[in-house]
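Visitor: First, the structure itself, so that you have it in front of you.
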Amino acid sequence: MLDEAQIERILVVTAHPDDVDFGAGGTVAAWTSAGVEVSYCIITDGDAGGSDHDVPRSEIPGIRRAEQTAAGAVLGVTDIRFLGYRDGELTVTHELRRDISRVIRQVRPQRILIQSPDRNWKRIYASHPDHLAAGEAAIFAVYPDARNPFAHPTLLQDEGLADWAVPEVWVFGTPTPNHVVDITDRFDQKLDALHAHASQTAHMADLADRIRGWMAMQAEEAGLPEGRLAEAFMVVDTA
């Protein structure tokens, strides 16, 4: 695992607005508070999400982009890039791999945080088909695409984006975590970011208890002292 002093830039790639806040909001807050530049790449606009039938579907993409922008500000993230793919229809295509590779080459991160391409049977909500596709496309973009100067040649020829090798990947929603981050002191910040996604969370009266219970379980499984809260990841060396 890289020394935190080596980390200047981190890129987060997720399928939907709010995914990062549910899975890693406390960790992102810790990174930005330490002075790390964190960028988001949000693949879809979450236009198939929400439960309010009174809001026209055509308005949902704009609402969810605004909510993610507000949630990012809570956690200290202002660089948010939306790819605009359709929610619920995500597949691993050459075009998606290219688009994620483009962002990797633009940001040039030392660490990338992605969703798990492996189904988590213990927490099926982490394994939405879009999450699995986003994770698979993102790891393909990390290796081999973004580091291969001959992959997606238009990125270099037309946009001047040279190859970039990401040395470390963190995966959330994974069934096989090997690292946790204690986010006890960042829990309220994480919760504030989730509340910013009002179209998705306003109806959840038990949101705080639900998230606290999930974080407490992950802390307990990692052997942290009682009362601590944690977010869990699989850390992979991709140098």
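The values are calculated or read from the model by the stated rules, or taken from the named source; none is laboratory data. Nothing here was measured: the structure is a model prediction, and the numbers come from that model. Every residue, glycine among them, receives a Cβ derived from its backbone with ideal geometry; neighbour counts consider all protein chains shown.
Visitor: With the condition being in contact with a strand residue (DSSP E or B) (Cβ under 9 Å, 6 or more places away or on another chain) and closer than 18 Å to Pro17 by Cβ, I'd like the helices (runs of 4 or more DSSP H) fully within the stretch 182-239 carrying at least 1 qualifying residues.
Guide: Once the helices (runs of 4 or more DSSP H) in the stretch 182-239 are filtered for at least 1 residues that are in contact with a strand residue (DSSP E or B) (Cβ under 9 Å, 6 or more places away or on another chain) and closer than 18 Å to Pro17 by Cβ, what remains is 187-195.
Visitor: Let me ask something additional. Can you tell me which of Glu95, Glu59, Glu89, Glu67 is under 23 Å from Ala165 (Cβ atoms) and among the charged types (D, E, K, R)?
Guide: Going through Glu95, Glu59, Glu89, Glu67 in turn, the sole match is Glu95.
Visitor: So if I check each of Glu59, Glu67, Glu95, which one is out of contact with any helix residue (DSSP H, G or I) (no Cβ under 6 Å at 6 or more places or on another chain), surrounded by 22 or more Cβ atoms within 10 Å (Cβ to Cβ) and more than 15 Å from Leu11 (Cβ to Cβ)? Steps first, please.
Guide: On the way: Glu59 fails: surrounded by 22 or more Cβ atoms within 10 Å (Cβ to Cβ); Glu95 fails: surrounded by 22 or more Cβ atoms within 10 Å (Cβ to Cβ).
The conditions single out Glu67.
Visitor: Among the listed residues Pro149, Pro177, which satisfies the condition of being loosely packed, with under 15 Cβ neighbours inside 10 Å, assigned to a loop (DSSP other than H, G, I, E, B), at pLDDT 95 or above and not charged (D, E, K, R)?
Guide: Of Pro149, Pro177, the one residue that is loosely packed, with under 15 Cβ neighbours inside 10 Å, assigned to a loop (DSSP other than H, G, I, E, B), at pLDDT 95 or above and not charged (D, E, K, R) is Pro149.
Yes/no matrix, rows are residues, columns are (1) among the charged types (D, E, K, R); (2) in a loop (DSSP other than H, G, I, E, B):
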residue	(1), (2)
Val55	no, yes
Arg65	yes, no
Ala73	no, no
Val77	no, yes
Ile80	no, no
Ser101	no, no
Gln106	no, no
Pro117	no, yes
Asn120	no, yes
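Visitor: What is the number of the single condition among (1) within 19 Å of Tyr85 (Cα to Cα); (2) of a type outside the set (A, V, I, L, M, F, W, C); (3) out of contact with any helix residue (DSSP H, G or I) (no Cβ under 6 Å at 6 or more places or on another chain) that Glu159 does not meet?
Guide: Every listed condition holds for Glu159 apart from (1).
Visitor: Okay, next question. Go through the stretch 181-239 and report how many residues are surrounded by fewer than 18 Cβ atoms within 10 Å (Cβ to Cβ), closer than 28 Å to Arg65 by Cβ, small (Gly, Ala, Ser) and in contact (Cβ under 8 Å) with a residue 24 or more places away in the chain.
Guide: 1
Visitor: Are there any pairs, at least 6 apart or on different chains, whose C-beta atoms fall under 7 Å, with the first in the stretch 58-70 and within 19 Å of Leu191 (Cβ to Cβ) and the second in a helix (DSSP H, G or I) and of a type in the set (A, V, I, L, M, F, W, C), and if so, which?
Guide: Glu67/Ala198
Visitor: Report, by residue number, each residue of the stretch 123-146 that is assigned to a loop (DSSP other than H, G, I, E, B) and either of a type in the set (D, E, K, R) or closer than 13 Å to Ile104 by Cα (or both).
Guide: Those that are assigned to a loop (DSSP other than H, G, I, E, B) and either of a type in the set (D, E, K, R) or closer than 13 Å to Ile104 by Cα (or both): Arg123, Ala146.
Visitor: Regarding the stretch 20-42, can at least one residue be identified that is on the phi > 0 side of the Ramachandran plot and either β-branched (Val, Ile, Thr) or in contact (Cβ under 8 Å) with a residue 24 or more places away in the chain (or both)?
Guide: no
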